[in-house]
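Colleague: Please see the structure below; I have some questions.
Derivation of every value follows stated rules applied to the coordinates shown; laboratory data play no part. Not measured: the values here are computed from a predicted model. Reconstructed Cβ throughout: ideal geometry from the backbone, glycine too, with neighbour counts over all protein chains shown.
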Amino acid sequence: MSTAEGAVTRDTTSWLSLAAWRRLLRDQPVIPLVILLAVMVALLIAIQPGILNRPQAWVLATLRFATPLALLAACQTLTMLTGGIDLSVAVVASMSAYVMATQSVSQGDAIAIALAILVAGLVGLLNGVGVGIFRVQPLIMTLGTGLVALGAVNVYQKTVLTAGSTVPQPIQTLGSGNTLGFIPNALLVLVPVALVVMIGLKRTGYGRMLYAVGDNPIAARLAGVRVWQVLLVLYVLSGLLAGIAGITLAGITKTATLNVADSYLLPSVAAAVIGGTSIFGGRGGYAGTILGALILTVLASLLTVLDAPEPIRQIVYGAIILGVAAAYARLTGER
Amino acid sequence: MTAAAPAAGDVRTVRSAGMTRWLRRNSWVVSLYVALAALFAFTVALKPGYGPTDFEFLTLAVITIVLAAAAQTVVVISGGIDLSVGPVMAFTSVCAAALMAGTDDLGAVPVVAAVLALGLGVGALNGLLVHWSGVPDIVVTLAMSFVWAGAALLVLDSPGGASAPWLMSLIDGSLLIDWVPRALVVMLLAIGLVWIPLRRSRLGLSMFAVGSDQLAALRSGVDVARTKVAAYTIGGLLAAMGGVALTMKTGIGNPLPGPYTLDGIAALVLGGVSLAGGRGTMAGPIAAAFILALIRIDLVFLKVNPDVSTVVQGVILVAVVMVGALVELRRKRP
């Protein structure tokens with residue numbers, strides 16, 4: 001009896017103690033993110049109660065605009081797990097969207113989409129060769145390939161300028177249509193990708209290798225992991241994901257320009273960081289990243305609703321990213 | 001007979017041994033300058049009329065990239081990275097342009113001083129946030145890049161303001177003789193005045209120490225936090241110099257950040273500064289910035305499609321860092 005009571009008291013004190021909270025947050029980084037997201041949504045509703053009249057429309061728009069960001073942030077999450085980063089994602093996404101839109105005129109939709117994914121994978125392969133085999137810093141390698149891809153797609157633009165471009169109808173439906181009035185079709189892309197990434201990271205050998213390489217590359221190599229192969233495949237995957245994101249984005253905007261995804265580059269890094277993935281590698285996951293993408297999207301609409309001028313919007317945006325990252329570092333005691 | 005006490009006749013061999021060692025240590029920078037000279041000769045051969053005026057234009061084009069790279073170099077050597085260099089340059093540039101719009105020639109002097117002080121403050125804030133937040137440098141400066149870009153838009157919402165005419169003529173034309181553009185002199189003076197005293201100081205040594213091994217530096221009594229904040233502060237000063245140069249160059253302030261963050265990082269990596277920290281020079285990035293700009297100009301002379309030249313630049317950047325990485329791998333695993 002007394003032992004049971006003792007256990008209960010100890011339990012409550014430890015439940016209240018900071019260390020227990022830290023452990024909880026470290027194990028379940030999504031909990032504070034869900035709370036933050038809920039607070040922001042509540043704030044949004046408080047400022048503009050009109051949202052509640054047609055909640056489906058608001059949910060629809062938010063999910064739709066968060067999808068390309070979440071997809072691009074997947075590239076950052078995966079590469080950051082190994083201590084890397086992929087700064088070529090925005091260019092790759094724009095490029096694949098543009099290739100798809102221009103090729104679909106003459107080649108038909110299916111081939112155009114396949115070509116778009118192919119070129120995205122090729123840029124990823126180039127990144128993978130540089131980072132995996134030549135051991136170039138991922139930051140500078142992906143920066144360079146981004147430049148190469150940007151120039152290449154500009155050259156390509158000159159050759160297809162007269163042909164015109166059109167985003168294939170199925171892709172437009174995928175990007176802009178919805179099912180049952182509140183499920184955007186874009187989720188048909190995001191949900192499978194999210195499931196594959198999350199299950200892949202948790203349950204497959206390859207996923208665990210990503211964590212191992214990021215945590216300690218030398219230990220991983222000594223344990224028999226072929227680090228260069230892991231990295232090569234990783235950057236190809238990142239390129240492919242960026243291609244898929246670009247195609248989805250083209251479906252949402254219904255046009256494909258050469259800089260359609262440019263503004264997503266820094267937010268994609270921010271979404272992964274807010275989601276609790278360490279930029280030094282070895283810690284993080286995709287669930288947090290998706291929440292990070294949602295938080296950034298809700299933040300953007302919050303700032304729009306507040307009618308904040310652009311400068312204030314940027315400052316608040318930066319401050320929130322820093323604030324969340326700092327709070328996270330404080331709470332978990334990790335970097 | 002040891003190397004420490006050489007006979008009189010051995011002085012030459014000793015000196016040449018020292019020279020060899022210096023060459024080996026600075027092989028990357030030396031080869032950069034050789035490449036720059038070759039590229040310059042190639043440019044002159046390519047365009048026989050290439051004269052002092054063309055060189056002035058080149059220097060004028062490069063001055064802002066060099067200052068961005070210099071700001072980045074100080075931070076990277078101390079083991080950080082500053083993704084907010086471009087926005088900080090835009091912010092300081094619009095501040096300078098907006099303040100100078102209503103002043104006379106003499107009034108521009110305190111404006112420049114104030115903007116440089118502002119740069120110190122901006123850099124210090126970046127550094128303090130890195131220190132306090134416990135968040136990786138790259139994330140903090142990424143977030144701050146939004147903040148400084150927003151601040152620039154607060155000062156001027158569209159390109160505007162003015163620059164004092166004497167400031168503009170300060171980097172226009174050549175000094176005394178041809179082939180010595182004023183912009184080059186101003187640039188080297190600005191960087192030299194900051195870098196040379198720093199390099200020789202205790203703080204400079206601490207920066208290299210912190211950059212190469214933070215824990216080892218801490219254990220040998222270096223105040224790591226103060227060193228890192230100081231590095232960001234000096235980086236902010238150099239970025240503010242870049243911002244002032246931007247206003248001097250264009251005569252206005254543009255609130256939209258140029259490509260300076262990434263261009264600066266490209267010049268820095270090509271210049272042989274290790275992104276891992278602790279290793280690098282200031283001469284390397286300067287040469288690298290000139291090389292990248294000359295390649296761009298040569299491609300124009302060769303009538304290469306500008307889009308193709310973007311590809312070529314990207315390929316050169318990637319190829320050079322790959323070769324550099326291979327050399328590094330060889331050095332590690334002999």
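Colleague: Would you look at the GNM of chain A, springs on alpha carbons closer than 10 Å, and say which of A:Ala300, A:Ala74, A:Ala256 moves the most?
Modeller: Residue with maximal mean-square fluctuation among A:Ala300, A:Ala74, A:Ala256: A:Ala300.
Colleague: Counting other Cβ atoms within 10 Å, which trypsin sites (Lys or Arg not before Pro) in region A:135-232 have at most 16 and lie in a DSSP loop? Intermediate results must be reported in sequence, preceding the final value.
Modeller: Numbers: sites: A:Arg135, A:Lys158, A:Lys202, A:Arg203, A:Arg208, A:Arg221, A:Arg226; in loops: A:Arg135, A:Arg226.
For trypsin sites (Lys or Arg not before Pro) across region A:135-232 that sit outside H, G, I, E and B with at most 16 neighbouring Cβ atoms in 10 Å, the list reads A:Arg226.
Colleague: List the DSSP H helices in chain B whose Cα atoms stretch 18 Å or more along the helix axis and whose mean Kyte-Doolittle hydropathy is at least 1.0. Provide the component values of the computation, followed by the final result.
Modeller: Working: long enough: B:11-25 (21 Å, -0.67); B:27-46 (28 Å, 2.10); B:52-77 (34 Å, 1.75); B:85-100 (22 Å, 1.83); B:108-133 (37 Å, 1.75); B:137-155 (26 Å, 2.02); B:182-200 (26 Å, 1.56); B:224-250 (39 Å, 0.93); B:283-301 (27 Å, 2.01); B:306-332 (39 Å, 1.18).
For chain B, where a helix must reach 18 Å along its axis and average at least 1.0, the hits are B:27-46, B:52-77, B:85-100, B:108-133, B:137-155, B:182-200, B:283-301, B:306-332.
Colleague: Just want to confirm a number: the relative contact order over chain B, from Cα pairs under 8 angstrom separated by 6+ residues, in percent.
Modeller: On the way: 542 pairs, mean separation 108.9, N = 334.
It comes to 33 percent, rounded to a whole number.
Colleague: Which net charge results for the neighbourhood of B:Leu188, defined as the other residues with beta-carbon distances under 15 angstrom from its beta-carbon, given Lys and Arg at +1 and Asp and Glu at -1?
Modeller: Combined, the nearby Lys, Arg, Asp and Glu give +1.
Colleague: Lys/Arg Cβ at +1, Asp/Glu Cβ at -1, dipole of the protein assembly as shown taken about the Cα centre: which of A:Ala38, B:Phe91, A:Leu222 is farthest positive-ward?
Modeller: With unit charges placed on the Cβ atoms, the residue in question is A:Leu222.
Colleague: Could you tally the net charge around B:Ala152, taking each other residue with its Cβ under 14 Å from the Cβ of B:Ala152, Lys/Arg +1 and Asp/Glu -1? If you can, show how the numbers build up before the last one.
Modeller: Details: positive: A:Arg313; negative: A:Glu310, B:Asp157.
My count for the surroundings of B:Ala152 gives -1.
Colleague: Helix A:109-128 versus the longest principal axis of chain A: what angle, 0 to 90°, nearest 10, using Cα atoms?
Modeller: Tilt of helix A:109-128: around 60 degrees.
Colleague: Using unit Cβ charges (K, R positive; D, E negative) and no other charged atoms, how large, in debye to the nearest 20, is the dipole of the protein assembly as shown about its Cα centre?
Modeller: Numbers: 39 positive and 26 negative charges, 413 e Å.
It comes to approximately 1980 debye.
Colleague: Let me ask something else about it. Straight-line reach from B:Lys228: which lysines have Cα under 28 Å away, leaving out those fewer than 8 places along the same chain?
Modeller: By straight Cα distance, B:Lys228 reaches B:Lys332.
Colleague: Under a point spin-label approximation (7 Å from Cα along Cα-to-Cβ), what is the B:Asp178-A:Arg221 distance to one decimal in nm?
Modeller: Between B:Asp178 and A:Arg221, the label points sit 5.4 nm apart.
Colleague: How large is ³J(HN,Hα) for each residue in region A:43-59, as worked out from phi by the Karplus curve 6.51 cos²θ - 1.76 cosθ + 1.60 (θ = phi - 60°), to whole Hz, x for Gly and Pro?
Modeller: Karplus-based 3J(HN,Hα) across region A:43-59 equals 4, 4, 5, 4, 6, 10, x, x, 4, 5, 5, 10, x, 4, 4, 5, 4 Hz.
Colleague: So what is the relative contact order of region B:239-334, in percent, for Cα pairs below 8 Å that sit 6 or more residues apart?
Modeller: Details: 46 pairs, mean separation 17.5, N = 96.
It rounds to 18 percent for region B:239-334.
Colleague: Which of rounded, prolate, oblate describes chain A, given a ≥ b ≥ c as roots of the alpha-carbon gyration tensor eigenvalues and a/c under 1.5 marking rounded, otherwise prolate only if a/b is larger than b/c? Intermediate results must be reported in sequence, preceding the final value.
Modeller: Details: a/c = 2.10, a/b = 1.30, b/c = 1.62.
The shape class here is oblate.
Colleague: Nothing charged except the Cβ atoms of Lys and Arg (+1) and of Asp and Glu (-1): what's the magnitude of the dipole of region A:13-162 about its Cα centre? Round to the nearest 20 debye.
Modeller: Here the size comes out at about 280 debye.
Colleague: Roughly how many whole Å is it from the C-alpha centroid of region B:243-282 to that of region B:284-310?
Modeller: For region B:243-282 versus region B:284-310, the Cα centre distance is 16 Å.
Colleague: Continuing with this model, one more query. Counting Lys and Arg as +1 and Asp and Glu as -1, what is the net charge of the other residues whose Cβ lies under 13 Å from the Cβ of B:Leu167?
Modeller: Working: positive: B:Arg182, B:Lys249; negative: B:Asp104, B:Asp105, B:Asp172.
My count for the surroundings of B:Leu167 gives -1.
Colleague: Give the order of B:Ile316, A:Ile244 when sorted by the count of other beta carbons within 10 angstrom, beginning with the fewest.
Modeller: Values: B:Ile316 18, A:Ile244 24.
Result, fewest neighbours first: B:Ile316, A:Ile244.
Colleague: If the cut-off is 21 Å between C-alpha atoms, which lysines fall inside it for B:Lys303, apart from same-chain ones fewer than 8 positions away?
Modeller: Excluding near neighbours in sequence, the set is A:Lys158, B:Lys47.
Colleague: Additional query: What percent does the relative contact order of chain A come to when contacts are Cα pairs within less than 8 Å and at least six residues apart? Show your work: numbers first, answer last.
Modeller: Values: 519 pairs, mean separation 107.3, N = 335.
Relative contact order of chain A: 32 percent.
Colleague: Then there's this: Roughly speaking, what is the centre-to-centre gap between region A:132-201 and region A:258-335 when only Cα atoms are used, to the nearest Å?
Modeller: Cα centres, region A:132-201 to region A:258-335: 20 Å.
Colleague: For region B:72-124 and region B:170-238, compute the distance between their C-alpha centroids and round to whole Å.
Modeller: Region B:72-124 and region B:170-238 have Cα centres spaced 15 Å from each other.
Colleague: While we're here: Nearest 10 degrees is fine. How inclined is helix A:18-27 to the longest principal axis of chain A, computing both from alpha carbons?
Modeller: 30 degrees
Colleague: Taking the Cα centre of chain B as the origin and placing charges on Cβ (Lys, Arg +1; Asp, Glu -1), which of B:Ser27, B:Leu292, B:Met241 is farthest toward the positive end of the dipole?
Modeller: Of the candidates, B:Ser27 comes out farthest on the positive side.
Colleague: Please state the shape class of region B:1-152: rounded when a/c is under 1.5, otherwise prolate if a/b exceeds b/c and oblate if not, all from the C-alpha gyration tensor.
Modeller: Numbers: a/c = 2.39, a/b = 1.49, b/c = 1.60.
Oblate.
Colleague: For chain B, set up a Gaussian network in which alpha carbons nearer than 10 Å are linked by springs, and say which option among B:Ala37, B:Ala96, B:Ala17 fluctuates the most.
Modeller: Among B:Ala37, B:Ala96, B:Ala17, the largest mean-square fluctuation in the Gaussian network model of chain B belongs to B:Ala17.
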